[in-house]
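Structure first, commentary second.
The values are calculated or read from the model by the stated rules, or taken from the named source; none is laboratory data. It should be emphasised that the depicted structure is a prediction, and the values quoted were computed from it without experimental measurement. Cβ: placed from backbone, ideal geometry, glycine included. Neighbour counts: every protein chain shown. Ligands, DNA and RNA are stripped out before the accessible areas are found, and what is left, the full protein with its side chains, is counted by its heavy atoms. Shrake-Rupley method; radii C 1.70, N 1.55, O 1.52, S 1.80 Å.
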Amino acid sequence: VLDKNPSMYDAEIVGTYKDPNHIVHSHHLKSGDNEFLVIKNYGFGFHNKSYGYYGFPHEGVWEEIFSSDEEKYGGGGFNNKDRHDITHNNQNLALAPNSFIILKRIK
């Protein structure tokens, strides 16, 4: 992921959000025109296309570029791949326990 998105190396955190109800933290990063969201689930709760939160950025359409729950990393294979409709109003994210995902803004 990092070799395909070198702007993540020098990105600045422009916002953070902590969801105390689900033990989920997110970081909104920007580098030039590139924007990323890193969403980490520290809890044991599983969100199968049901996770959404108030702190999601209002602008843009996002796609998942990384999920630590992919089978090649020993996870269950739950992800948000092939979705190009993730927005502030349409999150419904799959977020496995003790995992994290990275979303990139595409519009």
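Among the numbered conditions (1) in contact with a His (Cβ under 8 Å, 6 or more places away or on another chain); (2) open to solvent by less than 40 Å² (accessible area, probe 1.4 Å); (3) assigned to a strand (DSSP E or B), tell me where residue 13 comes up short.
Of everything listed in (1) in contact with a His (Cβ under 8 Å, 6 or more places away or on another chain); (2) open to solvent by less than 40 Å² (accessible area, probe 1.4 Å); (3) assigned to a strand (DSSP E or B), residue 13 misses just condition (2).
Test residue 32 against the criterion of being modelled with pLDDT under 95, touching a helix residue (DSSP H, G or I) at 6+ places or on another chain (Cβ under 9 Å), over 11 Å from residue 101 (Cβ atoms) and of a type outside the set (A, V, I, L, M), and give yes or no.
Spelling it out, residue 32 is indeed modelled with pLDDT under 95, touching a helix residue (DSSP H, G or I) at 6+ places or on another chain (Cβ under 9 Å), over 11 Å from residue 101 (Cβ atoms) and of a type outside the set (A, V, I, L, M).
Search the range 16-26 for residues being of a type outside the set (D, E, K, R) and open to solvent by 50 Å² or more (accessible area, probe 1.4 Å), and hand back the single one that is nearest to the chain's Cα centre (by Cα).
25
Of the residues that make up the range 82-104, is at least one part of a strand (DSSP E or B), in contact (Cβ under 8 Å) with a residue 24 or more places away in the chain, surrounded by 12 or more Cβ atoms within 10 Å (Cβ to Cβ) and of a type in the set (Ser, Thr, Tyr)?
Among the residues of the range 82-104, at least one is part of a strand (DSSP E or B), in contact (Cβ under 8 Å) with a residue 24 or more places away in the chain, surrounded by 12 or more Cβ atoms within 10 Å (Cβ to Cβ) and of a type in the set (Ser, Thr, Tyr), which makes the answer yes.
Of the residues 107, 72, 30, which single one is closer than 25 Å to residue 4 by Cβ, of a type outside the set (S, T, N, Q), open to solvent by 30 Å² or more (accessible area, probe 1.4 Å) and touching a residue at least 40 places away in the same chain (Cβ under 8 Å)?
Just a single option satisfies the conditions, and that option is 107.
Looking at the range 60-79, which of its residues are within 22 Å of residue 18 (Cβ to Cβ) and touching a Lys or Arg at 6+ places or on another chain (Cβ under 8 Å)?
Across the range 60-79, the qualifying residues are 60, 62, 64, 67.
Of all residues in the range 33-54, which are open to solvent by 30 Å² or more (accessible area, probe 1.4 Å) and under 12 Å from the mean Cα position of the chain (by Cα)?
Of everything in the range 33-54, those that are open to solvent by 30 Å² or more (accessible area, probe 1.4 Å) and under 12 Å from the mean Cα position of the chain (by Cα) turn out to be 40, 52.
Within the range 55-69, count every residue that is open to solvent by 40 Å² or more (accessible area, probe 1.4 Å) and either under 13 Å from the mean Cα position of the chain (by Cα) or at pLDDT below 90 (or both).
Summing the residues that are open to solvent by 40 Å² or more (accessible area, probe 1.4 Å) and either under 13 Å from the mean Cα position of the chain (by Cα) or at pLDDT below 90 (or both) in the range 55-69 gives 1.
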